[in-house]
Amino acid sequence: MKRCLIVDNSDVVRKVASAILTGIGYEVIEASNGKDGYELARSTMPDAILLDWQVSELPAHEFILRLRMQTSGTRPYLVYMTSEYVHSDITRALTAGADSCLMKPFDRASMEDRFRMPRAAA
């Protein structure tokens, strides 16, 4: 079973995202801030990560850069979420190493599209 780490300050967002991802076959682990999320990512190296752009304690941009500098050979699929369409933030996240962007509020179809597409190719 593939594993996805959800990193978001909101319990509600984590709960909804977890239900969707579990429904398409992921085992889900969660973190409520960037620092804890980064440590979980390093220790468990999930197959995928759903990361909120406004996460606390470790900025998402820094999280992505640090994760992508890891040389373990594993490169999790990383989707970052944002509630504001700011082109410079999207560009910054993608340049740092995010694979995709998901706008909040998200729906089941948009989340499934982000997480099924890359997995089918693997």
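The values are calculated or read from the model by the stated rules, or taken from the named source; none is laboratory data. What you are looking at is a predicted structure, and each value in this text was computed from that prediction instead of being measured. Cβ atoms come from the backbone with ideal geometry, glycine included; neighbour counts cover every protein chain shown. What goes into the accessible areas is simple: the full protein's heavy atoms, side chains included, and nothing from ligands, DNA or RNA. Shrake-Rupley method; radii C 1.70, N 1.55, O 1.52, S 1.80 Å.
Remarks
- Scanning the range 24-52 for residues that are open to solvent by 60 Å² or more (accessible area, probe 1.4 Å), touching a residue at least 12 places away in the same chain (Cβ under 8 Å) and not in a loop (DSSP other than H, G, I, E, B) turns up 27, 30, 35, 36, 42.
- Of all residues in the range 73-89 being of a type in the set (Ser, Thr, Tyr) and surrounded by fewer than 12 Cβ atoms within 10 Å (Cβ to Cβ), the one that is modelled with the highest pLDDT: 88
- If the condition is being farther than 25 Å from residue 25 by Cβ and either of a type in the set (A, V, I, L, M) or modelled with pLDDT under 90 (or both), then the range 56-69 contributes 58, 60, 65, 69.
- Residues satisfying the stated conditions in the range 1-19, i.e. more than 16 Å from residue 78 (Cα to Cα) and assigned to a helix (DSSP H, G or I): 11, 12, 13, 15, 16, 19
- Close pairs (6 angstrom Cβ cut-off, 6 or more residues apart or separate chains): closer than 15 Å to residue 81 by Cα and at pLDDT 50 or above in the range 109-122, among the β-branched types (Val, Ile, Thr) and open to solvent by 30 Å² or more (accessible area, probe 1.4 Å) anywhere: 112/24
- Each residue in the range 53-89 was checked for being out of contact with any strand residue (DSSP E or B) (no Cβ under 8 Å at 6 or more places or on another chain), outside any helix (DSSP H, G or I) and small (Gly, Ala, Ser), and 3 pass.
- Residues within the range 65-87 that are more than 17 Å from residue 100 (Cα to Cα) and of a type in the set (A, V, I, L, M, F, W, C), tallied: 1
- Contact map, the range 95-106: residues that are without any contact (Cβ under 8 Å) to a residue 40 or more places away in the chain paired with residues that are outside any strand (DSSP E or B), Cβ distance under 6 Å, separation 6+ or inter-chain. Pairs shown: 96/61; 96/64; 96/65; 97/64; 97/68; 100/114; 101/90.
- Pair list, Cβ under 6 Å, 6 or more apart: the range 54-72 residue closer than 21 Å to residue 32 by Cβ, other residue open to solvent by less than 60 Å² (accessible area, probe 1.4 Å) and assigned to a loop (DSSP other than H, G, I, E, B): 56/33; 57/33; 60/53; 64/97; 64/98
- Residue 92 being assigned to a helix (DSSP H, G or I), modelled with pLDDT under 95, touching a helix residue (DSSP H, G or I) at 6+ places or on another chain (Cβ under 8 Å) and open to solvent by 50 Å² or more (accessible area, probe 1.4 Å): yes
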